[in-house]
Amino acid sequence: MRHLLGLVLGILLAPALLLGTGWAYPRALEAAGGTLGPLSNQALGAYGALLGAGLVLGLIIASRVSPLIPVLPGLAMLGWTGALLALGTRALELPSWALPAGDVTQGVTTLLQGGVYAMLGLALLIPLFQPSRWRRREHDDAFATDDEVLV
């Protein structure tokens, strides 16, 4: 059941990460360039969204729920990066029909071309290779010894 939940969460998480980082990245660049002002609401929202995406990434990599949660977005990011390497600019046409037009598409394509999604995709695949993530956690009594029988 936890792997089914992980599959559903992984499917929902991939577009959320792409849209969140794609929306926040151009706004963070504008804030860093000084055009928005250092403490504008848009700059704080952009950095907050990037910090939130980092927090979500860290939590899903470190969580013990299911390894399918981080693996599906990781495979999507690595697959898209591989398509960019194999197809060139034709792989950049995907954001134009799959994502809302404007800054989000620009942010996603910039992060894709810069290799950020390749790096994140590889980091998200790490839990796949940890065997302990595939087993259910046993709840043992911390004070029991091997000779004692738990009732």
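The values are calculated or read from the model by the stated rules, or taken from the named source; none is laboratory data. On a predicted model such as this, the values are computed, not experimentally measured, just so you know. Heads up, the Cβs are rebuilt from the backbone with ideal geometry, glycines too, and the neighbour counts pull from every protein chain shown.
Looking at the range 115-133, which of the residues that are at pLDDT below 90 and either among the charged types (D, E, K, R) or not in a helix (DSSP H, G or I) (or both) is farthest from Gly82 (Cα to Cα)?
Among those that are at pLDDT below 90 and either among the charged types (D, E, K, R) or not in a helix (DSSP H, G or I) (or both), it is Arg133.
Give the residues of the range 58-68 that are among the hydrophobic types (A, V, I, L, M, F, W, C) and crowded, with 19+ Cβ neighbours inside 10 Å, sorted by residue number.
Quick first cut of the range 58-68, residues among the hydrophobic types (A, V, I, L, M, F, W, C) only: 59-62, 65, 68.
The answer is Ile60, Leu68.
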